[in-house]
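Working notes, beginning with the structure itself.
Taken together, the values in this text are just the output of simple stated rules run on the coordinates, not laboratory data. Quantities reported herein were computed from a predicted structural model and do not represent experimental measurements. Because the Cβ atoms are built from the backbone with ideal geometry, glycine has one as well, and the counts that use them run over all protein chains shown.
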Ligand code: ASP
């Protein structure tokens, strides 16, 4: 085979006259007045190759070409005449006049289009992923991912971070999702768990004195597939010793500034905004607000202090609040039918109902006849204008805010055009614990190695642990939680208190995390860390709707890989070797 002298995106008018060899795929074939034009493609671009009918044998060979054939073409670089210049192509000022052609491999008609942007169904794209990835549009996304990862590495390496790999066959980690299990053949009946994150290992690396660790780490969580999740995903995972949250913020701010600027040219603020969890819930009803849409929640309780309208006055008497937010220009979209759907949605979120105000030629509202003055004052206090819509709810402060937050998100995703730009912020001071209604117990909101706020801990650990704040933080971009981390506990007394509060006995703690607790007997340094979701960061920067688009070989929403057929059955002999047998009924179900 004639090896290439240039790639398909490389030749310029300065190369005119050179004898070159190109290797690549046949992207498009055109016939103009008997002359064959072949567009040759590789990862780097396209080059037009011309076959002249006067070179008879060569021309005949060119006639046998079809799209996606792989060829090696030798020829001469020729400047295109001015009217044939294609300014959209990097090689658009030249073409290669072929002098020989070698067909390296043939191709059947591909099941999905590679050379035109006609999106096939996702199922087909995933089944023939290698063809889908041959499309320049998809290649760009993986190239962007590569660049971002390299910039992140560069940044962290310059700060003396060590890239260290941690095991994939391991034991359960504390993120609280379901584990993927791997049966051990050598120890029948025993299982490895795939790590939900490198959490415990990175903390052990701090005990080991590594000081600064990072890893582009695969994490595995066997969750039901909500929204845009993958059972295996990638984190930029890091941990530092002798630091507090400010140091982590600093490193992440610098790292994202560099990697985003140098990969997509977008400048982020040097320091990201910060908002406490309590503020985020109060103002957006969410711990991952997308502030690009505005629509802040306002506490308008005072306006309704002396209303006679029982629904509101009785809620206020019971210490409740009235909260409202304005949606600009959406009044006319909220027909009766649409309003009914939102009221229904509000009820499913636990609200008693949803109060609406539409500012049209006059003010209209579901409760105008009960409290016209208060409604007018609310309209003024939110500076609502003609065309705007206000939605309101009453009840307990936190749950009302959270429910309105969900309604706000639904409006954003279904009624509003996608906002532009990047909204990036830290959300801090998360609660240490939350209440798991289903299991009727307190659990760690982040994970149990997160350092609680020690003043809160002293005040509330024996009376109201749900009031204790933690030193955990999230990084939020455009409404996605793209990172979370915390200052860790490095003192045994605090760790024991936390285990006790989440109902974990010493014995259970030893069984689950004994090796970490043991390590903490031998001088653990104060440490803190964070993990960022790489797939989501790349998806946001690539303008992709789904993280599947920025993962080379993703799984479908139901966790299968259509291309390889995983997960798939295994043979009886494999099961026998592992001393496993399938439970009857379930085996038959398949
Ligand atoms: N391991 C944690 C997670 O995956 C992140 C961290 O605390 O560093 O959520």
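With a Förster radius of 56 Å applied to the C-beta separation of residue 333 and residue 443, the computed FRET efficiency comes to 0.90. Here the peptides 181-189, 305-313, 87-95, 205-213 are ranked by packing, the mean other Cβ count within 10 Å, and the order with the highest first is 205-213, 87-95, 305-313, 181-189.
Using every pair of distinct Cα positions in region 501-564, the Kirkwood expression returns a hydrodynamic radius of 16.1 angstrom. A quarter of the convex hull surface defined by the alpha-carbon atoms of region 234-275 gives 3.8 nm² as the mean projection.
Put a dot 7 Å past the Cα of residue 299, heading toward its Cβ, do the same for residue 566, and the two dots end up 5.1 nm apart. Rg of the Cα atoms in region 145-191, relative to 2.2 N^0.38 Å, amounts to 1.77.
Here the contact order of the chain, divided by its residue count and restricted to Cα pairs under 8 Å and six or more residues apart, works out to 13 percent. Structural descriptor for region 339-393: relative contact order 39 percent, calculated from alpha carbon pairs under 8 angstrom and at least 6 residues apart. Rg and Dmax, both from the Cα atoms of the chain and both in Å, are 30.2, 95. Mean projected area of the convex hull spanned by the Cα atoms of region 401-509, taken over all viewing directions: 8.7 nm².
Here the convex hull built on the C-alpha positions of region 134-269 has a volume of 164 cubic angstrom per residue.
Taken over region 3-54, the percentage of Cα pairs per 10 Å bin, counting from 0 up to the bin with the maximum distance, is 24, 51, 24, 0.
Each peptide in 116-126, 20-30 gets a packing score, the mean of other Cβ atoms within 10 Å over its residues, and the list from highest to lowest is 20-30, 116-126. Computed from the Cβ-Cβ distance with R0 of 41 Å, the FRET efficiency linking residue 164 to residue 268 stands at 0.90. Normalised by the number of residues in region 375-495, the average gap of Cα pairs under 8 Å and 6 or more apart makes the relative contact order 22 percent. Just so you know, the Cα atoms of region 1-141 work out to an Rg and Dmax of 15.1, 46 Å. Which residues does the label zone of residue 107 cover in region 1-24, counting backbone N under 15 Å from a point 7 Å along Cα→Cβ? Hits in region 1-24 for residue 107 at 15 Å: 8, 23-24. At q = 0.09, 0.13, 0.22 Å⁻¹ the log10 of I(q)/I(0) for region 292-428 amounts to -0.25, -0.54, -1.51, computed by Debye summation with a single uniform scatterer per C-alpha, solvent ignored. Note on region 276-334: Cα-only Rg and Dmax are 13.9, 37 Å. FRET efficiency for the residue 497 to residue 584 pair, using the beta carbon distance and R₀ = 35 Å, is estimated at 0.15. Inter-label distance, residue 376 to residue 208: 7.2 nm, where each label sits 7 Å from its Cα along the C-beta direction. A full extension of the chain between residue 292 and residue 415 corresponds to an added length of 42.8 nm, given 0.36 nm per residue minus the alpha carbon distance. Projecting label points 7 angstrom from Cα along Cα→Cβ for residue 399 and residue 191 puts them 3.5 nm apart.
For the peptides 228-235, 401-408, the ranking by mean Cβ contacts within 10 Å, running from highest to lowest, is 401-408, 228-235. Residue separation of residue 462 and residue 573 scaled by 0.36 nm, minus their Cα-Cα distance, works out to 34.5 nm of gained length.
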